[in-house]
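To keep things clear, I will list the structure first and then write my remarks on it.
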Amino acid sequence: MSVENFDDLLERVSQERLQSLLAAQVLWDADRTERLHENTSKDLAEHRCITLLYHRQYMMQEVLGAVLVWNKGA
């Protein structure tokens, strides 16, 4: 995935999240809801990157597989 595609994905996810918060009326004031979204979305890029890496590399399954193989040999 290119950097531009990642940025586009991040922007779409961020906008969807904000719309979801506004629709759910988490806070009655829209300005306060937008500030909540800004404060809680600071790690959104990192979370998306971790999710994409997991789906691309399946790191957890590889680690678990290595542990299982190592335990069988011991």
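The values are calculated or read from the model by the stated rules, or taken from the named source; none is laboratory data. Since the structure is predicted, the reported quantities are computational estimates derived from the model, not experimental observations. Every residue, glycine among them, receives a Cβ derived from its backbone with ideal geometry; neighbour counts consider all protein chains shown.
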Margin query: Would you confirm whether or not the stretch 6-17 contains a residue that is surrounded by fewer than 13 Cβ atoms within 10 Å (Cβ to Cβ), of a type in the set (A, V, I, L, M) and assigned to a helix (DSSP H, G or I)?
Written below: no
Checklist line | Residue under evaluation residue 72, criteria (1) of a type outside the set (Gly, Ala, Ser); (2) modelled with pLDDT of 80 or more; (3) over 22 Å from residue 10 (Cβ atoms), criterion not met | finding: (2)
Next item on the list: For residue 21, indicate whether it is surrounded by 11 or more Cβ atoms within 10 Å (Cβ to Cβ), at pLDDT 75 or above and assigned to a helix (DSSP H, G or I).
Entry: yes
Check: What is the number of the single condition among (1) part of a loop (DSSP other than H, G, I, E, B); (2) within 27 Å of residue 53 (Cα to Cα) that residue 27 does not meet?
Finding: (2)
Check: Could you list, in sequence order, the residues of the stretch 36-58 that are surrounded by 12 or more Cβ atoms within 10 Å (Cβ to Cβ) and either among the polar types (S, T, N, Q) or in a helix (DSSP H, G or I) (or both)?
Finding: 36, 37, 41, 44, 45, 47, 48, 49, 50, 52, 54
